[in-house]
Amino acid sequence: LTSDGAANFDDQVVRSIDEFTPYRDELIDVLINLALYRYGQETYRLIHRFIEKLVPFLDRPPNINSWNDCDFDNYRFIVHEIYLYTVAILLKYERFDAIPVVTSNFFLADKRGDEAMSSYEDINRPISSLSHRNQRLGLEKASIIAHMLKERCSGVSLTFKDVMQADLVLYVK
């Protein structure tokens, strides 16, 4: 997915996000089963490593030399949503001992090969194409991302309140 100067690139971003929904739902089922039947420090570390492997998708890969900042907005939304759902599931099923593990910083190698630490702040960043969509369509939403998260919180065993609670815990952290 690349912007290539498309006037309605935000439509492509939203379509890409929507097309990912079945995979997100499958992941939610896996995470719920882990929270219910395979909880423990080893599982929490595996979940953390899984999220850690998603973080590089938020920015351009090292082999890409020409890009627009919004080219990765679909990944930014999806990774943020997955992280929120992960924390929401752990809170819902009272796996409170998992929260410090899953919310600890992520160890990453940056584009130059240097090692760096990343946190929730790197996952929860503005998504310019969705901000553009909010303006272009005159949606007048205070947060288009929160609006989309609420709309997409259907067909899963979590409520939007669960997601908001996870967002608050991550904000406080």
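The values are calculated or read from the model by the stated rules, or taken from the named source; none is laboratory data. Just so you know, these numbers come straight off a predicted model, no measurement behind them. Don't worry about glycine lacking a Cβ; one is built from the backbone with ideal geometry, like all the others, and counts go over all protein chains shown. Remember, those area values only see protein heavy atoms, side chains included, never the ligands or the DNA or RNA. Shrake-Rupley method; radii C 1.70, N 1.55, O 1.52, S 1.80 Å.
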### Summary
Only one of ARG15, ARG60, ARG45, ARG38 is at pLDDT below 90, more than 15 Å from the chain's Cα centre (by Cα) and of a type in the set (Lys, Arg), namely ARG60
### Answer residue from the range 114-155, given it is assigned to a helix (DSSP H, G or I) and open to solvent by 70 Å² or more (accessible area, probe 1.4 Å) and is nearest to ARG76 (Cα to Cα) among those
GLU121
### Task
Select from the range 82-101 the residues that are surrounded by fewer than 21 Cβ atoms within 10 Å (Cβ to Cβ) and in a helix (DSSP H, G or I) and list them in ascending order.
ILE82, LEU91, LYS92, PHE96, ASP97, ILE99, PRO100, VAL101
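Listed here are the residues, each with its yes/no results for (1) in contact (Cβ under 8 Å) with a residue 60 or more places away in the chain; (2) among the basic types (Lys, Arg); (3) more than 26 Å from LYS150 (Cβ to Cβ).
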residue: LYS53; (1), (2), (3): no, yes, yes
residue: ASP59; (1), (2), (3): no, no, yes
residue: VAL79; (1), (2), (3): no, no, no
residue: ALA88; (1), (2), (3): yes, no, no
### Task
Would you check which residues across the range 156-173 are open to solvent by 50 Å² or more (accessible area, probe 1.4 Å) and under 22 Å from GLU121 (Cβ atoms) and list them?
MET164, GLN165, ASP167, LEU168, TYR171, VAL172, LYS173
### Query
Can you name the condition, by its number, that LEU31 falls short on among (1) at pLDDT 90 or above; (2) over 22 Å from LYS150 (Cα atoms)?
(2)
### Of all residues in the range 4-49 being of a type in the set (Asp, Glu) and open to solvent by less than 60 Å² (accessible area, probe 1.4 Å), the one that is nearest to TYR83 (Cα to Cα)
ASP25
### Query
If you check every pair at least six apart or on different chains, which have Cβ atoms under 7 Å apart with a residue in the range 11-31 that is assigned to a helix (DSSP H, G or I) first and a residue that is among the small types (Gly, Ala, Ser) second?
GLN12/ALA6; VAL13/SER129; ASP25/GLY155
### Task
Among what's in the range 21-33 and is among the hydrophobic types (A, V, I, L, M, F, W, C) and touching a Phe, Trp or Tyr at 6+ places or on another chain (Cβ under 9 Å), pick the residue that is nearest to GLY155 (Cα to Cα).
ILE28
